[in-house]
Amino acid sequence: MAARLEFEKPVIELQTKIAELKKFTQDSEMDLSAEIARLEDRLSKLQDEIYKNLKPWDRVQIARLPERPTTLDYIQYLFTDFFECHGDRTYGDDAAIVGGVAKYHGMPVTVIGHQRGKDTKENLVRNFGMPHPEGYRKALRLMKQADKFNRPIICFIDTKGAYPGKAAEERGQSEAIAKNLFEMAGLTVPVVCIVIGEGGSGGALALGVGNRMLMLENSTYSVISPEGAASILWKDSSLAKKAAETMKITAPDLLELGIIDNMIKEVKGGAHHDIKQQAGYIDGILKETLKSLLPLNAEELISQRYEKYKAIGKVSVEDQYIGAN
């Protein structure tokens, strides 16, 4: 990975030095194995120190990395026989959301997720992972299909937000998102939502009404980006780092607040370092989560979902009596 993150520079510098010593050893007759072993031990301790003490803004940066695994990356490791479905049957197909039918450990499921690109060309096709209304309507079509055929639904969330352009508003962006929220609340099958990167605004929430909400350790989930919040609160988007710390948008914070149900640990340094291993971490939690939901009937699933979201947030009311002496 390129040394693009400020807090990772000491790690990158040490990795570079180790690589240079290994190459020098190969090209010469000098034995530097003891020195290399010493540096590798130092590297391991340095990585532990840095990655176990990440700040909220550090996690935001990791969540935004172009190399970070996407929905399709995880689908190839977690599911078999994936059959992608296209179109909302009303306007067209939106490549910013992918979805279809697959098997998870032999069980038929419906998989839906935001999909961004990894380079400029793919990002233009995927609209940088920001869906239009037809993307959310495609997702809802697949959810209703899953509901009809009694298939559990697994949603992967990874978007900066819904596309804010004129065309999206003309085609009913807010209505499409609102309808997804309403319909997902009443689905009669288990719904598991997993934030794998950025979970931004209503664009993320449109796939986020489930029985269980899971988050990768270095993902974020928020009503607005740190830059947007800083612009509103302090009229200065450069204070995004301060906003990230104030907003409580990281997985550890949201787990503590009770907004998510479980945090999935990441590979040291971030999921992009080993997609296969990261998929294994997700698989372990997802398997146990579905195991706990599958015995519930339709009424219990809907009730559990309702109680879950009703419990989010706290209100403190002081005893005050207007007009009292």
#### Entry: Beta bridge orientation in segment 135-277: antiparallel %, DSSP, nearest 5
5
### Task
Could you name the aspartates and glutamates whose alpha carbon sits less than 14 Å from that of LYS23, not counting residues in the same chain fewer than 8 places away?
ASP31, GLU35
### Message
At 1.4 Å probe size, with the rest of the protein present, what percent of the exposed accessible area of segment 158-300 is carbon and sulfur atoms?
### Response
55
### Message
Going through the cross-link list LYS148/LYS265; LYS248/LYS308; LYS166/LYS265; LYS242/LYS308; LYS17/LYS268, which pairs have a Cα-Cα distance over 27 Å in this structure?
### Response
LYS148/LYS265; LYS166/LYS265; LYS242/LYS308
### Query
LYS103: which aspartates and glutamates have alpha carbons under 19 Å from its alpha carbon, excluding same-chain residues fewer than 8 sequence positions away?
ASP73, ASP81, GLU84, ASP147, ASP283, GLU288
### Query
Which whole-number percentage describes the relative contact order of the chain, with Cα contacts under 8 Å and a sequence gap of 6 or more?
15
### Task
With everything on Cα atoms, drop me the angle between helix 133-148 and the longest principal axis of the chain, reported from 0 to 90° to the nearest 10.
70
#### Entry: Per-residue [θ]222 nm for the chain (sum of -39500 (n - 2.57) over DSSP H runs n ≥ 4, rounded to 500)
-14500 deg cm²/dmol
### Query
Can you give me the relative contact order of segment 15-132 as a percent, contacts being Cα pairs under 8 Å and 6 or more apart?
17
### Query
Do any trypsin sites (Lys or Arg not before Pro) in segment 250-310 lie in a DSSP loop with no more than 15 other beta carbon atoms within 10 Å, and if so, which?
LYS265, LYS268
#### Entry: Estimated distance in nm for a label pair at ARG89 and ALA167, the labels positioned 7 Å out from Cα along Cα-to-Cβ
2.4
### Task
For segment 134-167 and segment 23-56, write down the distance between their C-alpha centroids in whole Å.
44
### Query
Using a 1.4 Å probe, what is the accessible area per residue for the chain, in Å²?
52
### Message
Semi-axes of the equivalent ellipsoid for segment 81-226, please: Cα gyration tensor eigenvalues, times 5, square-rooted, ordered largest first, whole Å.
### Response
21, 17, 16
### Query
Of the heavy-atom accessible surface of segment 19-74 (probe 1.4 angstrom), what whole percent is carbon and sulfur?
51
### Message
With both bridge residues required to lie in the chain, what share of the DSSP beta bridges run antiparallel, to the nearest 5%?
### Response
40
### Task
For the chain, with a Gaussian network of springs between Cα atoms less than 10 Å apart, report the residue from LEU78, LEU181, LEU54 with the top mean-square fluctuation.
LEU54
### Message
To test your reading of the geometry: what angle, between 0 and 90 degrees and rounded to tens, separates the Cα axis of helix 298-310 from the longest principal axis of the chain?
### Response
70
### Query
To the nearest 0.05, how large is the calculated FRET efficiency for LEU181 and ALA311 if R₀ is 25 Å and r is the Cβ-Cβ distance?
0.90
### Query
What angle, in degrees between 0 and 90 and rounded to the nearest 10, separates the Cα long axis of helix 173-185 from the longest principal axis of the Cα atoms of the chain?
80
### Query
Where in segment 1-83 are there GluC sites (Glu not before Pro) that are in a DSSP coil and have at most 11 other Cβ atoms within 10 angstrom of their Cβ?
GLU29
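The values are calculated or read from the model by the stated rules, or taken from the named source; none is laboratory data. No experiment lies behind these values; they were computed from the predicted model shown. No Cβ is skipped: glycine too gets one built from the backbone with ideal geometry, and neighbour counts run over all protein chains shown. These area figures cover heavy atoms from the full protein model, side chains too; ligands, DNA and RNA do not enter into them. Shrake-Rupley method; radii C 1.70, N 1.55, O 1.52, S 1.80 Å.
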